[in-house]
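The values are calculated or read from the model by the stated rules, or taken from the named source; none is laboratory data. Just so you know, these numbers come straight off a predicted model, no measurement behind them. Here the Cβ positions follow ideal geometry from the backbone for every residue, glycine too, while neighbour counts run over all protein chains shown. Surface accessibility is based on the protein's heavy atoms, side chains included, excluding ligands, DNA and RNA. Shrake-Rupley method; radii C 1.70, N 1.55, O 1.52, S 1.80 Å.
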Amino acid sequence: KGEDAKRTVNGEDAGTAKLVPDDVGQAVVVVGDNNAGAENATARLVANAAAEFTPNTDEGRNQMALVSTANEARTVMPLTIFPGRFEADIPRFGLASEDGNAVFDGLVLGSELAATSTLDRQLVLIRTGAESGSGTDATMLRRALRDGQATLSVIDAAPASPDAGVLSELAAETGGVYL
């Protein structure tokens, strides 16, 4: 793998070098609000995201975990490199019927899961409703993201909710995106 690149030193040809991408790998924790109000919309998005995810069982790269924020935050699938876990655990994510949306608690739990990995840590929040029911406030969430050294990206179907500004700020602060 890699591409050849021409090298020059002080404008003089210095041959070629092989450019090889740094394959650090990623630990991706998907946090989703699969509560009753989401009507399985989030579950479909999570399943689509997992289908795009490519684990590497040979090198232990590209781990994925899944956290639910329905009613209270809980781990649905721990960090794994095994595709078989996706097939078994992602359908369980869609079974939640509880009310409530503990988004901040879910992000803290996701950050803690990601921190157990030595790979590049990514949190992806997919939500359809506003934060409700977390015991975590924005300051505590900010600290957890900083301590876990995770990048937060948000796919937000509730951008008019009161907490959207906080999520947008946190995504920018950690180098992620807010959509």
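Considering (1) surrounded by 22 or more Cβ atoms within 10 Å (Cβ to Cβ); (2) touching a residue at least 60 places away in the same chain (Cβ under 8 Å); (3) over 14 Å from T42 (Cβ atoms), the lone condition that A65 does not fulfil carries the number (2). If you take the residues of the stretch 11-30 that are over 30 Å from V154 (Cβ atoms) and open to solvent by less than 80 Å² (accessible area, probe 1.4 Å), which of them is modelled with the highest pLDDT? Within the stretch 11-30, the match that is modelled with the highest pLDDT is G15.
In summary, S117 fulfils each of the numbered conditions (1) closer than 16 Å to T75 by Cβ; (2) polar (S, T, N, Q); (3) assigned to a helix (DSSP H, G or I) with the single exception of condition (3).
For residues in the stretch 130-158 being more than 19 Å from V46 (Cβ to Cβ) and in a loop (DSSP other than H, G, I, E, B), which is most open to solvent (accessible area, probe 1.4 Å)? Even if it seems obvious, please write down each step before you answer.
Of the residues in the stretch 130-158, the ones more than 19 Å from V46 (Cβ to Cβ) are 132-149.
Within this subset, residues satisfying the condition of being in a loop (DSSP other than H, G, I, E, B) are 133-137, 149.
Numbers: G133: 66, S134: 29, G135: 64, T136: 22, D137: 78, Q149: 133 Å².
The selected residue is Q149.
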